[in-house]
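Student: Dropping the structure in here first, questions after.
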Amino acid sequence: MASLSPATPAAPTAPATTTGAPGITVNGRTVDLTGVPAWTSALDVLRENGLTGAKEGCAEGECGACSVLVARPATDGAAGTTTWTAINACLIPAASLDGQEVVTAEGLGTPEHLHPVQSEMAVRGGSQCGYCTPGFVCSMAAEYYRPGRSDALDDDHDHDDHDEHDHEHDHGPNGFDLHALSGNLCRCTGYRPIRDAAYALGEPGHDDALAQRRDRPAPEPVATRVAAAGGSYARAADAADLFGLLAEHPDAVLVAGSTDWGVDVNLKAARAPFVVGIDRVPELRTLEIGDSSVEIGAALTLSEVEARLSGRVPLLGQLFPQFASRLIRNGATIGGNLGTGSPIGDTPPALLALEAAVVLASAEGERDVPLVDYFTGYRQTVRRPGEIIRAVRIPLPLSPIAAFHKIAKRRFDDISSVAVGFAVTVDGGTVTKARIGLGGVAATPIRAFETEAALEGRAWTKPVVREAAAVMRREGTPMDDHRASAAYRSAMLGSALLKLHSATATRQEVGA
Amino acid sequence: MSTLSDRPDRAVVGEALPHESAALHVTGAALYTDDLVGRTAGCLHAYPVQAPYARATVTAMRVEPAYAVPGVVRVLTAADVPGVNDAGVKHDEPLFPTEVMFVGHAVAWVLGETLEAARLGAAAVQVDYVEHPALVTVREAIAAEAFQGARPHMERGDVEAGLARSTHVFSGEFEFSGQEHFYLETHCALALVDENGQVFAQSSTQHPSETQEIIAHVLGLPSHAVTVQCLRMGGGFGGKEMQPHGLAAIAALGATLTGRPVRLRLNRTQDLTMTGKRHGFHAQWRVGFDSDGRLQALDATLTADGGWSLDLSEPVLARALCHIDNAYWVPDVRVNGRIAKTNKTSQTAFRGFGGPQGMLVMEDLLGRCAPLLGLDPVELRRRNFYVEGQSTPYGQPVRHPERIVAAWEGVLTTGEVGRRRAEIAAFNASHDDVKRALAVTPVKFGISFNLTAFNQAGALVHVYKDGSVLINHGGTEMGQGLHTKMLQVAATTLGIPLSRVRLAPTRTDKVPNTSATAASSGADLNGGAVKNACEQIKERLTAVAAGRLGVHPNDVRFVDGRVRGLGDAGESVGWDELVGQAYFQRVQLWAAGFYRTEGLHWDSSRMQGSPFKYFAYGVAATEVEVDGFTGAYATRRVDIVHDVGESLSPLVDIGQIEGGFVQGAGWLTLEDLRWDESDRPSRGRLATQAASTYKLPSFSEMPEEFNVSLLEHAHEDGVVYGSKAVGEPPLMLAFSVREALREAAAAFGPAGAAVDLASPATPEAVYWAVESARAQAADEPLARRAGHAHLVVGGKGVEPEQPEPGAPVLEPESERALDSAVSAGARR
């Protein structure tokens, strides 16, 4: 049995040069990507290169057994630094990692020299069958290295103790955010020892090479071109390059985090002759907070948007922790969520309530489409061939009452049966404005227009809200499926409004 | 006290050690079957051709188009099978079927140079089907009287008399879901053929010997021509007890036909749609209580949803019948069992193996009846515990029933249950939209395979000249820590440090004729065998040491790697040196160990006997909070006291208890297997065939506070080093979660509201329970979902369906063999 005490992570060797063949620097060594088809996942390439620590558990970004670390630009946008970011290797095309640095469980430590995360997991019984463990280790290591992890301690400790699912329940005494592990499943342990391991972690040592790596810039994106018979991959360097590629390949599949297409590749055998990576196109990665609007670039990951908005849009602040898992949010984008046009995407109900507009761009120019006019049918939108989603624009000021209610079986990482976004203004006890977005109750995300009308101009009181809830129950055309019955979905629409009112009434009492 | 359970001083067993592979797990260095593919040159990849119908006949199959796909090497069909075309032991599971029995049934397999080639080849195979009507739900099968296998019957006393003397009689119905194992590692096999035609198959299997036997009969080979190895599994939970065999046989067949290594790994969708799951059950029951709430009579008929083939359904059903009593004394009992044949995957072993299903019927019944009896559920349960001198409905005396009480009192005390229930009452009185509840439930679980013959194990222990020790045993490692415990047992028996002992992977050519690593029995059985082998070696070394030290052999002691005379502070000899000396004295330094559990007997046909070595006990108290707007809930706190005897390895045992509890809570609250029951073309399709639709517990379902302790003073006589089995029993501690949800939902209604709760108790199911409680407050008719359980109060009750005279009894093949051997012996 090897020693289970930790060692300091050794320095990765020099990054791969990007002069020659496409390749990834994995644990300091170069893995060649020449001729790798676009549908080949990073996981498959790692495993074919002997790095079998990362596993396939579900092939759709639910279990996290494939989690690995990627050196990415700082999540909060701080210049010149790197964030070790955990992602699902089973979902992203291997080619999309050209020129990037990856660390796997094997690269964090060895049985003889365990990484501190590995040591805590091992000694506390954090592994039983061990199959999910390398993925947990990578997700945990990302949080271990998160800058400022322990800065915000003792901020939130004096809550009323039944505030629903208290914030402090999801944070350790060391600042560890349990949501970092929300995309990892373990079938053996029941999680307690894994939580104990996470909460026992200290700070990385000064000589920790991966900690030091954070102080240098992340690898620049490479204008990758990997040609392969089964499907070629190209990374757009900028908007001009992107429109050029689209002109040349009108049927190209656009991927950012590939958290949706990757699932189709793995589970539905989706293949595409040409895939364009847009996740590092600078024009799609802007975030501007102006006087009259907030504009969010379509290719920023949800983790980046969350960090950069930093609570500026409270409705989105409520949404982010409920959107899939940290692993998915590290890849998924608002542009992707709107681009697939699913009726159960989580951002549309919130963005509908915020009266957001979609900024569509093409080689000819840009146009703004109000989100409420964007969806035209089941996974159908007004977006034209050659057009991309560049950003979403949220008008200011925001309504003071904002809430995102997600109905699902599981609190972490589940798909909505029903999702409701609320943005309500109450002035002098009267509802002056109500905007309600709904997901999961129709072929597209919709606005609850009749409910809005039943509220506006009326008193924000329980009787009025009860009447409006009865109206809201009838919104949309919910279906029975494996997630929920139609009757439950309808009931949840009414409940959401009652719950919102109950929460605001309590808040007002407390405030008074 | 038997020497088997006698624990020496300074034993390595009992130390809280991490999993023996922990350092390999956390660094990604631990190898699983599919990790070997990259180390095996020239591997072919197998991919199934899956049928799209729940029931159909294959009328024609054209494989030529597959060969047109670049990279396709071979299409495997029934015509290729040299031996028996069957993947099971009951000859009802054709490996290559002509009758499709469920959506996803594999009718052929394609081998390709790459997985992509194999996949495209499988898509190119053309199959003609004639579709037939299919039975999808257990209720459809009951209506059609579509049953398979035995219809066991267990009876004690006179149930009608018991009901007649009861003050309160209730009858009810309850249908509850199965569960997907969702081991993180899907099924996988990698087969090679050597220059001699010997097959070597690496398989993610809990039952290497049976995998070996199935491969042998499919290939028409004797068992000695097939070796199966299992390095480790990424979880098993019973799902790899029977299900790996056919898959390994496909890989072995492919390797035999092509001469190349063949890898068969199911992806998650294939695993979910092709392999068996926990049985869902339908139950009808009548129950009688006296005026104090004491159980008088139970009359029940349990129908297991067996899926398309028999598999392990008969023993699963037998265990369900043997556990319907849980921890409670019922004087008059009649329980009938039957197995529905439905067009679904072949339901199979899953942690608890029918025990949870039988016990769930009882715990649901008590939870529903307590308000009708006007009794606090905690009191109702407590009042009905077994006491010394009573026996189970199948005639086994319940030994140590005081341990149920000790665990119960322990949980009430350490969990501060009295104080917290008062706080909960106050909380509920001041909150309209959110309610809390705390429920306490017990577990009594029988340990041993019901079928006596399986209760045997072997081990092979080598001591090398340098004193290092290599152990082999017949059990497999799936995360449960068996190998850790076996290392501890070997080090304890030989009196040497753990670092001197190493464990080699489970292989059928090292230890033959093994039983499945199942029924929680892995440590009991293999521990007995490892200990036996070590004792043989130690005995031989004792003679050497006695001569060397000049003491009587009875006084030789092996402690911490040194060997000395009893009470002798003088001369001692190091283990390594002694071993070296023994070699030169031509002493055999290895041994094969064997163990069989003593004192078991079981008559399957009468469902009577003492099939279990002992019972494992546990008690859990769980507090939940339910949101009345949505039915969403959180588990606030769990307190458990569990009986593992004298623990062999406390960190491992606590891990099993916690993990079992959360897995049980997943079954009962979250994991929602949905099959398409409509008449659409997708009828019979598993609707939840991905991790995105079949939700396992994640961090968000973990109890916010989770206190687990091991029952003290729990030495178990007659079991290796005084320990008890731990794998399955804790799963059933999760009944406390379900009962707490029921009580929290009831708290939305008037005092004494009785609430029916669907299983799994998803947020939606809890919401409907809340609504039904609220309706009782408003005096509205109960809002119940279609297909939900009904409950009838009073009268003689509604009699459960009874079997036809002459219904087949349980008659396991092995017992028939035993009977004929006995009668043959009598003839001689």
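Student: Only residues in segment B:57-68 that are in the same structural domain as residue B:106 (by TED's automatic domain parsing) and of a type outside the set (A, V, I, L, M) count as the first member; pair them with residues that are in a helix (DSSP H, G or I) and surrounded by 19 or more Cβ atoms within 10 Å (Cβ to Cβ), Cβ under 8 angstrom, at least 6 apart or cross-chain, and list the lot.
Tutor: B:65/B:124; B:67/B:121
Student: Read through the list (1) within 14 Å of another protein chain (Cβ to nearest Cβ); (2) crowded, with 24+ Cβ neighbours inside 10 Å, then give the number of the only condition that residue B:231 fails.
Tutor: In the conditions (1) within 14 Å of another protein chain (Cβ to nearest Cβ); (2) crowded, with 24+ Cβ neighbours inside 10 Å, residue B:231 misses (2) alone.
Student: I've got another one for you. Do you know which residues across segment B:651-681 are of a type in the set (A, V, I, L, M), more than 8 Å from every other protein chain (Cβ to nearest Cβ) and within 19 Å of residue B:694 (Cβ to Cβ)? Quick ask: steps written out before the conclusion?
Tutor: Just the residues of segment B:651-681 that are of a type in the set (A, V, I, L, M), to begin with: B:651-652, B:654, B:657, B:662, B:665, B:668, B:670, B:673.
Filter again for more than 8 Å from every other protein chain (Cβ to nearest Cβ), leaving B:657, B:665, B:668, B:673.
Residues satisfying the conditions are B:665, B:668, B:673.
Student: Return yes or no: is residue B:241 out of contact with any helix residue (DSSP H, G or I) (no Cβ under 6 Å at 6 or more places or on another chain), more than 14 Å from chain A (Cβ to nearest Cβ) and either assigned to a loop (DSSP other than H, G, I, E, B) or not hydroxyl-bearing (Ser, Thr, Tyr) (or both)? Can you show your working first?
Tutor: Details: out of contact with any helix residue (DSSP H, G or I) (no Cβ under 6 Å at 6 or more places or on another chain): yes; more than 14 Å from chain A (Cβ to nearest Cβ): yes; either assigned to a loop (DSSP other than H, G, I, E, B) or not hydroxyl-bearing (Ser, Thr, Tyr) (or both): yes.
When the stated conditions are applied, residue B:241 passes them.
Student: Only residues that are touching a residue at least 60 places away in the same chain (Cβ under 8 Å) and closer than 20 Å to residue A:84 by Cβ: list them for segment A:307-332, please.
Tutor: Within segment A:307-332, A:307, A:308, A:324, A:325, A:326, A:327, A:328, A:330, A:331, A:332 meet the criteria.
Student: Please list, ordered by residue number, the strands (runs of 3 or more DSSP E) wholly in segment A:385-458 having 3 or more residues that are farther than 28 Å from residue A:183 by Cβ and touching a helix residue (DSSP H, G or I) at 6+ places or on another chain (Cβ under 7 Å).
Tutor: Values: elements: A:388-395, A:401-407, A:418-427, A:430-439.
Those strands (runs of 3 or more DSSP E) span A:430-439.
Student: Hey, among the residues in segment B:244-291 that are β-branched (Val, Ile, Thr) and in a strand (DSSP E or B), which one's nearest to the other protein chains (Cβ to nearest Cβ)?
Tutor: That would be B:262.
Student: Being more than 11 Å from every other protein chain (Cβ to nearest Cβ) and in a helix (DSSP H, G or I) is the filter here, so list the residues in segment B:417-444 that pass it.
Tutor: Correct list: B:417, B:418, B:419, B:420, B:421, B:422, B:423, B:424, B:425, B:426, B:428, B:429.
Student: Would you be able to tell me the number of residues in segment B:632-650 that are farther than 20 Å from residue B:415 by Cα and more than 8 Å from chain A (Cβ to nearest Cβ)?
Tutor: As a first pass, look at segment B:632-650 and keep what is farther than 20 Å from residue B:415 by Cα: B:632-633, B:645-650.
Checking which are more than 8 Å from chain A (Cβ to nearest Cβ) leaves us with B:633, B:645-650.
Going through segment B:632-650 one residue at a time, the tally reaches 7.
Student: Still on this structure, I have one more. Could you check segment A:232-267 and list, in sequence order, the residues that are touching an Asp or Glu at 6+ places or on another chain (Cβ under 7 Å), within 14 Å of chain B (Cβ to nearest Cβ) and under 20 Å from residue A:323 (Cβ atoms)?
Tutor: A:263
Student: OK, next. Going residue by residue through segment A:201-209, is there one that turns out to be within 14 Å of chain B (Cβ to nearest Cβ), crowded, with 21+ Cβ neighbours inside 10 Å and either at pLDDT below 95 or touching a strand residue (DSSP E or B) at 6+ places or on another chain (Cβ under 9 Å) (or both)? Spell out the reasoning first.
Tutor: As a first pass, look at segment A:201-209 and keep what is within 14 Å of chain B (Cβ to nearest Cβ): A:201.
From the residues that got through so far, the ones that are crowded, with 21+ Cβ neighbours inside 10 Å too are A:201.
Still in the running and either at pLDDT below 95 or touching a strand residue (DSSP E or B) at 6+ places or on another chain (Cβ under 9 Å) (or both): none.
No, because not a single residue in segment A:201-209 is within 14 Å of chain B (Cβ to nearest Cβ), crowded, with 21+ Cβ neighbours inside 10 Å and either at pLDDT below 95 or touching a strand residue (DSSP E or B) at 6+ places or on another chain (Cβ under 9 Å) (or both).
Student: Looking at (1) of a type outside the set (Ser, Thr, Tyr); (2) within 14 Å of another protein chain (Cβ to nearest Cβ); (3) surrounded by 18 or more Cβ atoms within 10 Å (Cβ to Cβ), which is the only condition residue B:46 fails?
Tutor: Residue B:46 satisfies all of (1) of a type outside the set (Ser, Thr, Tyr); (2) within 14 Å of another protein chain (Cβ to nearest Cβ); (3) surrounded by 18 or more Cβ atoms within 10 Å (Cβ to Cβ) except (2).
Student: Ok, one more. Of everything in segment B:184-230, what is of a type outside the set (A, V, I, L, M) and assigned to a strand (DSSP E or B)? Give them in sequence order. Write out each step before concluding.
Tutor: Restricting attention to segment B:184-230, the residues satisfying the condition of being of a type outside the set (A, V, I, L, M) are B:185-188, B:194-198, B:200, B:202-213, B:217, B:220, B:222-224, B:227, B:229-230.
Result: B:188, B:200, B:202, B:203, B:227, B:229, B:230.
Student: Moving on. Out of the residues in segment A:256-287 that are outside any loop (DSSP other than H, G, I, E, B) and β-branched (Val, Ile, Thr), state the one that is nearest to the chain's Cα centre (by Cα).
Tutor: From segment A:256-287, those outside any loop (DSSP other than H, G, I, E, B) are A:261-268, A:274-277, A:282-284, A:287; that's our starting set.
Filter once more, so that each one left must be β-branched (Val, Ile, Thr): A:263, A:265, A:275-276.
On the way: A:263: 15, A:265: 19, A:275: 21, A:276: 20 Å.
The selected residue is A:263.
Student: In segment B:143-168, how many residues are farther than 29 Å from residue B:369 by Cβ and of a type in the set (S, T, N, Q)?
Tutor: The total comes to 1.
Student: Right, here's the next one. Hey, does segment B:627-643 have a residue that's in a loop (DSSP other than H, G, I, E, B), under 23 Å from the mean Cα position of the chain (by Cα) and not charged (D, E, K, R)?
Tutor: Here is the first cut: in segment B:627-643, the ones in a loop (DSSP other than H, G, I, E, B) are B:628-632, B:643.
Next, from what is left, pick out any that are under 23 Å from the mean Cα position of the chain (by Cα): B:643.
From what's left, not charged (D, E, K, R): none.
The answer is no; no qualifying residue exists.
Student: Being at the interface with another protein chain (Cβ under 7 Å from one of its Cβ atoms), in contact (Cβ under 8 Å) with a residue 40 or more places away in the chain and in a loop (DSSP other than H, G, I, E, B) is the filter here, so list the residues in segment B:691-706 that pass it.
Tutor: Scanning segment B:691-706 gives B:691, B:696, B:702, B:704.
Student: Return only the number of the condition from (1) buried (at least 18 other Cβ atoms within 10 Å of the Cβ); (2) away from chain A (no Cβ under 14 Å); (3) on the phi > 0 side of the Ramachandran plot; (4) not basic (Lys, Arg) that residue B:28 does not satisfy.
Tutor: If we test residue B:28 against (1) buried (at least 18 other Cβ atoms within 10 Å of the Cβ); (2) away from chain A (no Cβ under 14 Å); (3) on the phi > 0 side of the Ramachandran plot; (4) not basic (Lys, Arg), just (2) comes out false.
Student: Against the definition (farther than 30 Å from residue A:239 by Cα and either among the β-branched types (Val, Ile, Thr) or in a loop (DSSP other than H, G, I, E, B) (or both)), how does residue A:477 come out, yes or no? Break it down into steps so the answer makes sense when it comes.
Tutor: Numbers: farther than 30 Å from residue A:239 by Cα: yes; either among the β-branched types (Val, Ile, Thr) or in a loop (DSSP other than H, G, I, E, B) (or both): yes.
Here the answer is yes, as residue A:477 does meet what is asked.
Student: How many of the residues in segment B:583-626 are among the basic types (Lys, Arg) and either part of a strand (DSSP E or B) or touching a Lys or Arg at 6+ places or on another chain (Cβ under 7 Å) (or both)?
Tutor: Restricting attention to segment B:583-626, the residues satisfying the condition of being among the basic types (Lys, Arg) are B:586, B:596, B:606, B:613.
Next cut, either part of a strand (DSSP E or B) or touching a Lys or Arg at 6+ places or on another chain (Cβ under 7 Å) (or both) only: B:596.
Residues in segment B:583-626 being among the basic types (Lys, Arg) and either part of a strand (DSSP E or B) or touching a Lys or Arg at 6+ places or on another chain (Cβ under 7 Å) (or both): 1 in total.
Student: Suppose the filter is within 11 Å of chain B (Cβ to nearest Cβ) and either more than 24 Å from the chain's Cα centre (by Cα) or part of a loop (DSSP other than H, G, I, E, B) (or both); does residue A:195 pass it? Can you show your working first?
Tutor: Values: within 11 Å of chain B (Cβ to nearest Cβ): yes; either more than 24 Å from the chain's Cα centre (by Cα) or part of a loop (DSSP other than H, G, I, E, B) (or both): no.
So residue A:195 fails the test.
Student: Something else about it: Could you tell me how many of the residues in segment B:155-166 are of a type outside the set (Gly, Ala, Ser) and either without any contact (Cβ under 8 Å) to a residue 12 or more places away in the chain or out of contact with any Gly (no Cβ under 8 Å at 6 or more places or on another chain) (or both)?
Tutor: Initial filter on segment B:155-166 (of a type outside the set (Gly, Ala, Ser)): B:155-156, B:158-160, B:163, B:165.
The next check asks that each one be either without any contact (Cβ under 8 Å) to a residue 12 or more places away in the chain or out of contact with any Gly (no Cβ under 8 Å at 6 or more places or on another chain) (or both); those that pass are B:155, B:158-160.
Summing the residues that are of a type outside the set (Gly, Ala, Ser) and either without any contact (Cβ under 8 Å) to a residue 12 or more places away in the chain or out of contact with any Gly (no Cβ under 8 Å at 6 or more places or on another chain) (or both) in segment B:155-166 gives 4.
Student: Here is a follow-up. Considering only residues of segment B:16-25 that are at the interface with chain A (Cβ under 7 Å from one of its Cβ atoms) and of a type outside the set (Asp, Glu), which is surrounded by the fewest Cβ atoms within 10 Å (Cβ to Cβ)?
Tutor: Of all residues in segment B:16-25, those at the interface with chain A (Cβ under 7 Å from one of its Cβ atoms) come to B:18-25.
Checking the rest, the ones that are also of a type outside the set (Asp, Glu) come to B:18-19, B:21-25.
Details: B:18: 25, B:19: 30, B:21: 28, B:22: 30, B:23: 27, B:24: 22, B:25: 32.
Top of the filtered list is B:24.
Student: State whether one or more residues within segment A:28-46 are in contact (Cβ under 8 Å) with a residue 40 or more places away in the chain, under 30 Å from residue B:235 (Cα atoms), of a type in the set (Phe, Trp, Tyr) and not in a strand (DSSP E or B).
Tutor: Within segment A:28-46, the first condition is being in contact (Cβ under 8 Å) with a residue 40 or more places away in the chain, and the residues that meet it are A:28, A:33-46.
Then keep just the ones that are under 30 Å from residue B:235 (Cα atoms); that gives A:39-46.
The next check asks that each one be of a type in the set (Phe, Trp, Tyr); those that pass are A:39.
Now narrow it down to the ones that are not in a strand (DSSP E or B): A:39.
Yes, that holds for at least one residue.
Student: Quick one: would you say residue B:140 is modelled with pLDDT of 95 or more, surrounded by fewer than 24 Cβ atoms within 10 Å (Cβ to Cβ) and part of a strand (DSSP E or B)? Talk me through it step by step, then tell me what you get.
Tutor: Details: modelled with pLDDT of 95 or more: yes; surrounded by fewer than 24 Cβ atoms within 10 Å (Cβ to Cβ): yes; part of a strand (DSSP E or B): no.
In short, no.
Student: In addition: Tell me which of these residue B:13 doesn't satisfy, since it passes every other one: (1) in the same structural domain as residue B:252 (by TED's automatic domain parsing); (2) buried (at least 24 other Cβ atoms within 10 Å of the Cβ).
Tutor: For residue B:13, the exception is condition (1).
Student: Go through (1) among the acidic types (Asp, Glu); (2) free of Cβ contacts under 8 Å to residues at least 12 places away in the same chain; (3) under 18 Å from residue B:243 (Cβ atoms) for residue B:376 and report which single condition fails.
Tutor: (3)
The values are calculated or read from the model by the stated rules, or taken from the named source; none is laboratory data. Quantities reported herein were computed from a predicted structural model and do not represent experimental measurements. Glycine also receives a Cβ, built like all others from the backbone with ideal geometry; neighbour counts cover every protein chain displayed.
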